[in-house]
Amino acid sequence: MKITKNSVVAIDYTLKDDQGQVLDSSEGQEPLHFIQGTGQIIPGLENALEGKAKGEELKVSIKPEEAYGELNNDLVQDVPKAQFGDIDPLEVGMQFEVETDAGPVIVAIDKVEGETVTVNGNHPLAGKTLHFEVKVDTVRDASKEELEHGHVHGKGGVDH
Ligand code: ZN
């Protein structure tokens, strides 16, 4: 059976950046389960997996526009340190949820310089080309219930 829209797919994967550094991997964990064609994983990976079958292995490099998008400089802002209140020390990489006109956004601290803190609301993988090594673990049809709920049930999914 081949991967197509509404297949429940489980994959083992390793994700590397341009320098070959591992950013994420399913190694030692449950394979990643998702429903194909529903936007649960990045478009570039859905496209690469379409038509593949259980046991197939692939290597694919995905540009930012098919992954987490280009870096948006509007999401990088300097704010006064005082705005963080009692949090001390403020360190690069710390994450905060902030309210914006568009709803809550997770921002991370990019830089702390004197009284100025640079926060970044881009996805950590925005602007990056992603290099995936993927092995298809299982492929099956989604149940009617899974499609109604929009997520995988049972192994690797939601238990209810
Ligand atoms: Zn459900």
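Since every read-out is calculated from the coordinates, none of them should be taken as a lab result. As the structure is a computational prediction, the values presented were derived from the model and not from experiment. In this analysis, Cβ positions are derived from the backbone assuming ideal geometry, glycine residues included, and neighbour counts consider all displayed protein chains.
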Let me spell it out: the conditions are (1) touching a strand residue (DSSP E or B) at 6+ places or on another chain (Cβ under 8 Å); (2) under 30 Å from Ala53 (Cα atoms); (3) of a type in the set (A, V, I, L, M, F, W, C), and Leu75 meets all of them except one. Which number is the exception? (2)
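In region 28-54, which residue that is part of a loop (DSSP other than H, G, I, E, B) and in contact with a strand residue (DSSP E or B) (Cβ under 7 Å, 6 or more places away or on another chain) is surrounded by the fewest Cβ atoms within 10 Å (Cβ to Cβ)?
The residue in question is Gly51.
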Could you say which residue among Glu70, Glu56, Glu133, Glu50 is away from the ligand (no atom under 16 Å from the Cβ) and in contact with a Pro (Cβ under 7 Å, 6 or more places away or on another chain)? Glu70
Based on what the data block shows, is Val112 free of Cβ contacts under 8 Å to residues at least 60 places away in the same chain, within 28 Å of Leu23 (Cα to Cα), among the hydrophobic types (A, V, I, L, M, F, W, C) and in a strand (DSSP E or B)? yes
